[in-house]
Amino acid sequence: MGDDDGLDDDLHARLKGYEGRPSTVAGAGRDPVNAPMIRHWCEVLGDTNPAYTGPGATAPPTMLQAWIMAGLSPHTGRARPYEELLALLDEAGCTSIVATDCEQEYLRPLRPGDEVTYDSVIESVSPRKTTKLGTGYFVTTRTDVRVGPDLVGTHRFRVLKYAPARRPAKPPERRPRPVVNRDNAGFWEGVRDHRLLLQRCADCAGLRFPWLPGCADCGCPDWDTVDACGEGTVFSYVVLHHPPFPAFEPPYAIGLVELAEGVRMVSNVVGVPYDKVRIGMPVRLEFRRYDDELVLPVFKGVTA
Ligand SMILES: [Zn+2]
């Protein structure tokens, strides 16, 4: 579709026909301007301006929209032309909507007790635009806010009603790489050779996992390694259903496995359905290749 496409010109002409027509008629603020709403607003924004408290308080000007919000039924009060405009855009494939910006003008301060009324018009519809989100039309509505006959402010609100851009297909995701550093390099070298190496303290002979630069029990920085025999049990586990992460297809079971040597490690429990994993289930170490450079230790459930 080109921007000079005749059909788009026709659509744009029809959309322009809605300019100046009402989007809300004879709206009324749900509450008069009031001190509690002003206080909440100021607390949330951390605004300590003394003009907003005390007997002569005014409302923060930017609260203009707060006094005219429709609450949880946002369609209340929408005039037919605005509904038609949105429907026309829906039919043209512009089924998504995003608020882009608003502009306000303040003609006089609002004070507690003021009762606001408002009317909105469809002020403008842009030519067709292509953005990162997709292609569509910016629709600007202008709301005139009054107290009695006096115009106290205007609020322009702009949305982009658009056809979502197609996202290019992503190449298959690869599992995240382990972060290998000076303290754990020996472990990953072991994995490469299909060995699960545990550190053993040179002083107290305590085994530890994950790898650390020194012994958490006695502080000794010297160590050697022992090969885990590969037997273990599920000490605890979770089944991940959501959220999905790239390269991981839920649901799957993640186990905290207690090795026969007594240390525990986190890894996937494989070889049994995710909903058959149980605490105490015997598991056996195996090494799985995920791609041309990644091998990981996982634990296969051993069912009776
Ligand atoms: Zn030690």
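The values are calculated or read from the model by the stated rules, or taken from the named source; none is laboratory data. Note that the structure is a prediction, hence the values are computed from the model and not measured. Quick reminder, even Gly has a Cβ in these numbers, built from the backbone with ideal geometry, and neighbours come from all protein chains shown. Protein only, heavy atoms only, side chains kept; ligands, DNA and RNA dropped before computing areas. Shrake-Rupley method; radii C 1.70, N 1.55, O 1.52, S 1.80 Å.
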Q | Given (1) over 30 Å from Leu89 (Cβ atoms); (2) touching a Phe, Trp or Tyr at 6+ places or on another chain (Cβ under 7 Å); (3) part of a strand (DSSP E or B), index of the condition Lys161 fails | A | (1)
Q.
Among the residues of region 52-86, what is the count of those that are over 31 Å from the mean Cα position of the chain (by Cα), modelled with pLDDT of 90 or more and part of a helix (DSSP H, G or I)?
A. 1
**Q.** Residues located in region 164-211, provided they are crowded, with 16+ Cβ neighbours inside 10 Å and part of a loop (DSSP other than H, G, I, E, B)
**A.** Asn184, Arg195, Leu196, Gly206, Phe209, Trp211
Q. Which members of region 126-143 meet the condition of being assigned to a loop (DSSP other than H, G, I, E, B) and of a type in the set (S, T, N, Q)?
A. Ser126, Thr131
**Q.** Set Gly214, Gly232: member being surrounded by 14 or more Cβ atoms within 10 Å (Cβ to Cβ), small (Gly, Ala, Ser) and not in a loop (DSSP other than H, G, I, E, B)
**A.** Gly232
Q.
So, Arg111, is that one open to solvent by 70 Å² or more (accessible area, probe 1.4 Å), touching a residue at least 60 places away in the same chain (Cβ under 8 Å) and either farther than 30 Å from Ala35 by Cβ or not in a helix (DSSP H, G or I) (or both) or not?
A. yes
Q: Kindly indicate the residue of region 29-51 that is open to solvent by less than 50 Å² (accessible area, probe 1.4 Å) and under 14 Å from Asp114 (Cβ atoms) and also nearest to the chain's Cα centre (by Cα) among those meeting that condition.
A: Ile38
Q. Does Thr48 satisfy the condition of being polar (S, T, N, Q), out of contact with any strand residue (DSSP E or B) (no Cβ under 9 Å at 6 or more places or on another chain) and modelled with pLDDT of 90 or more?
A. yes
Q) Quick check: anything in region 88-105 more than 31 Å from the chain's Cα centre (by Cα), in the same structural domain as Leu11 (by TED's automatic domain parsing), at pLDDT 90 or above and in a strand (DSSP E or B)? A) yes
Q) In this structure, does Pro246 turn out to be loosely packed, with under 14 Cβ neighbours inside 10 Å and closer than 30 Å to Pro172 by Cβ? A) yes
Q.
Six or more apart or on different chains, Cβ atoms under 6 Å: show the pairs whose first residue is in region 197-216 and closer than 20 Å to Gly230 by Cα and within 11 Å of the ligand (Cβ to nearest atom) and whose second is open to solvent by 60 Å² or more (accessible area, probe 1.4 Å) and assigned to a loop (DSSP other than H, G, I, E, B).
A. Gly206/Asp217
Q. Any residue in region 211-232 that is modelled with pLDDT of 95 or more and within 32 Å of the chain's Cα centre (by Cα)?
A. no
